[in-house]
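Student: What follows is a single structure, and I will ask about it in a moment.
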Amino acid sequence: MATDAQLKRNALITITMASFLTPFMGSAVNLAIPSIGAQFNASAVYLTWVVTGFILASAAFLLPFGRLADIVGRKKVFIVGMIAFTLFSLLSGLATSIQMLLVLRILQGIGGALAFSTSMAILTSIFPPQERGKVLGINTATVYTGLSLGPVLGGFINHNLGWQYIFFFCVIIGLVVIFMSLTKLKGEWAGAKGEKYDLTGAVLYTVGLIAFMYGVSSIGLVVAQWWLQWWIILIVGLILLVLFIRHELKTPLPVLNLKLFSKNPAFTFSNLAAFINYSATFAVTFLMSLYLQYILKFNSQLAGLILLAQPILMALLSPYAGKLSDRVQPRIVASWGMTLSAIGLAFFILLTKQTPIWLVLLNLAVLGIGFALFSSPNSNAVMGAVEKKFYGVASSTLGTMRLTGQAISMAIATALVTYFVGNIELQQANTDLLLKSFKIAFAIFAATCVVGVFASLARGSMVTEKQPEPKPDRLSGRS
C-alpha cells in the first residue's frame with residue numbers, strides 16, 4: 001500500500017511528465033513550421049492553423065472536462081486524455097497532407113484538454129496548502145523545461161530527422177505517462193462526486209467558444225471574398241456564450257460556477273491576469289522563430305538554440321518564484337513578472353535585420369525571468385482562492401485562460417502577418433513587410449502587458465491557509 005510520501009512523489013513525477021508535453025509540442029512545432037510548409041506547399045494561413053487548431057480545441061474542451069473530472073474522478077479523465085493525446089500524436093506524425101495534419105492536431109488538442117484539465121487539480125488535491133506554491137512551481141518549471149527543450153530538441157529533430165519525429169518523440173513520453181498513471185498513481189479524487197453534469201451548459205460553452213475563437217482567429221482573412229462567413233461565426237459564438245452565461249446563472253450545478261468570479265476577486269483577477277499574460281506573450285516564440293529563419297536566414301537548429309535563452313530561465317526560476325509566493329503575496333511577485341515581460345516585449349519593437357544576436361539573447365532572457373516570476377505565483381493564487389470541490393474547475397478555468405490567451409495571441413500574429421504579406425507561402429514573402437508585421441505585433445503585446453500589471457495588482461492580498469487539508473483516504477485516495 002502506497003504511503004502518503006510515495007503518493008506525493010508518484011503524483012508529482014506523473015503530472016510533471018504530462019505537463020511537459022503540451023509546451024514542448026507547441027514550441028517544437030513552431031520551429032518545424034517552415035519544414036511543414038515546404039513539404040505540403042502550405043500557405044501562411046494553413047501553417048498558423050497548425051498551431052492555432054490545437055490551442056483552440058484544447059481551450060474549448062478544457063472547462064467541460066475539468067467539471068466532468070470533479071464528478072467522475074480526476075485520474076480517470078487524465079488517463080483517457082493521455083491515451084487520446086498519445087494516439088493522435090502518432091497519427092499526426094503520419095499525416096500525408098496539411099488538411100489531414102490540421103484535423104489530427106484538433107483531435108490531439110481534445111485529448112490534451114482531457115488530460116491537462118485535471119493535472120493541476122490532482123496535485124492540489126494531494127499536496128497541502130503550505131506545500132502548494134512549491135509544488136506548482138515545480139510543475140511550472142516542468143512546463144518551461146518543455147518550452148526550453150522544444151526549440152533546441154525540436155529544431156535538432158526537425159533538422160536531422162524531419163518534423164514527423166517531433167510527434168513520435170511525444171508518443172514515447174505519452175506511453176511512459178500512461179504506464180505511470182495506471183501503475184503508480186494510486187487512488188482517485190472526485191471533489192464533486194455524484195453531482196449532476198450540466199450537459200446543456202457544456203455544449204453551449206464548447207460550441208460558443210469554438211465559434212468565437214474561430215472567428216477571431218480568422219480576422220486576418222477578411223480580404224478573402226468569403227470574409228463575411230468569419231463575422232457570422234464570430235457573432236454566433238458571442239450569442240452562444242451569452243446564452244451559456246444565462247443558463248449557468250439558473251442552473252444549480254453549473255459547468256462553471258460564476259459565483260467564483262462575482263464573489264472572489266482574487267480568483268477573478270488572477271485568471272484575468274493569466275489571460276492577459278498569455279495573450280501578450282505566447283506568439284513571441286512563433287514570431288521570433290520566423291524572424292530568425294526568414295529574416296536572418298538561420299536554420300531551425302540554430303534558431304532553436306537562440307530561442308533557448310527565454311525558457312531555460314523560466315525553468316530554472318519558476319520553482320523559486322512559486323516558493324516565494326508561499327511567503328510573499330502572489331500579486332507582488334506576479335506583477336513584477338508582468339512588468340519585466342512588458343519591458344522585454346517593448347524592446348522587440350526595435351528589431352531590425354541588423355539587430356545583434358547577443359542583444360536578442362539578452363532580451364529573451366529578460367522575458368524568461370518575467371514569465372517565471374508571473375506564472376507559478378499566479379497559479380498558486382488561483383488554486384488557493386477556491387474550495388477543494390472546485391479544484392478541477394479552477395484548474396481548467398486557469399487552463400482555459402491560458403489557452404484562450406494563446407489563441408488570441410496567435411490570432412493577432414496571424415492577422416498582422418496575413419495583412420502585410422498576404423495569403424502566400426512565407427518563402428515568397430517580402431521580408432521588410434514581414435518584419436513590419438512583427439514590430440506592430442510586439443507593440444500590441446507590450447501595451448497589453450502594461451494593462452496586465454494593473455489586473456495583477458487588482459486581485460488584492462490573499463489569505464494564507466495555515467493548516468494542511470485532510471489527507472486522502474489511503475484505500476481510495478479520495479480527497
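The values are calculated or read from the model by the stated rules, or taken from the named source; none is laboratory data. This structure is a prediction, so every number in the text was calculated from the model and none was measured. Every residue, glycine among them, receives a Cβ derived from its backbone with ideal geometry; neighbour counts consider all protein chains shown. Protein only, heavy atoms only, side chains kept; ligands, DNA and RNA dropped before computing areas. Shrake-Rupley method; radii C 1.70, N 1.55, O 1.52, S 1.80 Å.
Student: Take the conditions open to solvent by 40 Å² or more (accessible area, probe 1.4 Å) and not acidic (Asp, Glu) and apply them to Leu104. Does it pass? Let's see the steps before the verdict.
Tutor: Details: open to solvent by 40 Å² or more (accessible area, probe 1.4 Å): no; not acidic (Asp, Glu): yes.
Against the criterion (open to solvent by 40 Å² or more (accessible area, probe 1.4 Å) and not acidic (Asp, Glu)), Leu104 does not qualify.
Student: Within the stretch 1-33, restricting attention to residues that are over 23 Å from Leu403 (Cα atoms) and under 22 Å from the mean Cα position of the chain (by Cα), which residue is most open to solvent (accessible area, probe 1.4 Å)? I'd like the intermediate steps shown before the answer.
Tutor: Quick first cut of the stretch 1-33, residues over 23 Å from Leu403 (Cα atoms) only: 1-11, 13.
Going one step further and asking which of them are under 22 Å from the mean Cα position of the chain (by Cα), we end up with 11, 13.
Details: Ala11: 0, Ile13: 71 Å².
The selected residue is Ile13.
Student: Condition check: among the hydrophobic types (A, V, I, L, M, F, W, C) and at pLDDT below 80. Does Leu182 satisfy that?
Tutor: Against the criterion (among the hydrophobic types (A, V, I, L, M, F, W, C) and at pLDDT below 80), Leu182 does not qualify.
Student: Among the candidates Ala394, Ala385, which residue alone is buried (at least 24 other Cβ atoms within 10 Å of the Cβ), under 28 Å from Gly208 (Cα atoms) and at pLDDT below 85?
Tutor: Going through Ala394, Ala385 in turn, the sole match is Ala394.
Student: Residue pairs, Cβ under 8 Å, 6 or more apart or interchain, first in the stretch 230-243 and in contact (Cβ under 8 Å) with a residue 12 or more places away in the chain, second open to solvent by 40 Å² or more (accessible area, probe 1.4 Å) and not in a helix (DSSP H, G or I). List them.
Tutor: Trp230/Val222
Student: Any chance the stretch 186-204 includes a residue that's modelled with pLDDT under 90, among the charged types (D, E, K, R), closer than 23 Å to Ile122 by Cβ and open to solvent by less than 30 Å² (accessible area, probe 1.4 Å)?
Tutor: Yes, that holds for at least one residue.
Student: To continue, here is another question. For the subset of the stretch 277-299 comprising residues that are of a type in the set (A, V, I, L, M) and part of a helix (DSSP H, G or I), which member is nearest to Val333 (Cα to Cα)? Break it down stepwise before answering.
Tutor: Narrowing the stretch 277-299 to residues of a type in the set (A, V, I, L, M): 280, 283-284, 287-288, 290, 292, 295-296.
From the residues that got through so far, the ones that are part of a helix (DSSP H, G or I) too are 280, 283-284, 287-288, 290, 292, 295.
Values: Ala280: 18, Ala283: 23, Val284: 22, Leu287: 27, Met288: 27, Leu290: 32, Leu292: 32, Ile295: 36 Å.
Looking at residues that are of a type in the set (A, V, I, L, M) and part of a helix (DSSP H, G or I), I get Ala280.
Student: Something else about it: Answer yes or no as to whether Ile276 is farther than 20 Å from Phe420 by Cα, over 22 Å from the mean Cα position of the chain (by Cα) and either β-branched (Val, Ile, Thr) or modelled with pLDDT of 90 or more (or both).
Tutor: Judged against the criteria, Ile276 is not a match.
Student: Name every residue in the stretch 226-276 that is open to solvent by 20 Å² or more (accessible area, probe 1.4 Å), part of a helix (DSSP H, G or I) and among the polar types (S, T, N, Q), in order of residue number.
Tutor: The answer is Gln229, Ser262, Thr268.
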